[in-house]
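*Asks:* Take this structure, written in structure tokens, and hold onto it; I'll ask about it next.
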Amino acid sequence: MLLDKIDELGEPDSTILIQKFYYNRNSKEIAESVSMTATAVRQRCSRAMDKLRTKLVEVGLGR
């Protein structure tokens, strides 16, 4: 279910979260793979995490 909710975020947010938390890549490494700056990756990651939290609360998996 978690991966489904991450997929629902769309690109590049889902790619950023997977690379950061599954592959343990840093913002600079992710930035190179998604053609963004490291700063933009950090901002997208933060916003994507907020969206993911909301989606998980909606299905009863968070608070």
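*Asks:* Mind giving me the nanometre distance, one decimal, between the label points for A40 and V57, set 7 Å out from Cα along Cα→Cβ?
*Replies:* My value for the distance between the label points is 2.9 nm.
*Asks:* Rolling a 1.4 Å sphere over the protein heavy atoms, what is the accessible area per residue of the chain, to the nearest Å²?
*Replies:* Value returned for the chain: 71 Å² of accessible area per residue.
*Asks:* Taking volume of the Cα convex hull per residue in Å³ as the quantity of interest, determine which of (i) 102; (ii) 71; (iii) 124 was computed from the displayed structure.
*Replies:* Only one option fits the structure, namely (ii).
*Asks:* With n ≥ 4 as the cut-off for DSSP H runs, can you work out [θ] at 222 nm for the chain, using -39500 (n - 2.57) per run divided by the number of residues, rounded to the nearest 500?
*Replies:* Helices in the chain give a 222 nm mean residue ellipticity of -22000 deg cm²/dmol.
*Asks:* Would you work out the relative contact order for the chain, in percent, from Cα pairs under 8 angstrom that are 6 or more residues apart?
*Replies:* Values: 44 pairs, mean separation 21.1, N = 63.
The value is 33 percent.
*Asks:* Leaving out ligands, DNA and RNA, what percent of the accessible area of the chain is carbon and sulfur, probe 1.4 Å?
*Replies:* Carbon-and-sulfur percentage of accessible area, whole number: 49.
The values are calculated or read from the model by the stated rules, or taken from the named source; none is laboratory data. Being a predicted model, the structure only gives us computed values, none of them experimental. All Cβ positions, even for glycine, are placed from backbone atoms using ideal geometry, and neighbour counts span all protein chains on display. Just the protein is used for accessible areas: all its heavy atoms, side chains included, with ligands, DNA and RNA removed. Shrake-Rupley method; radii C 1.70, N 1.55, O 1.52, S 1.80 Å.
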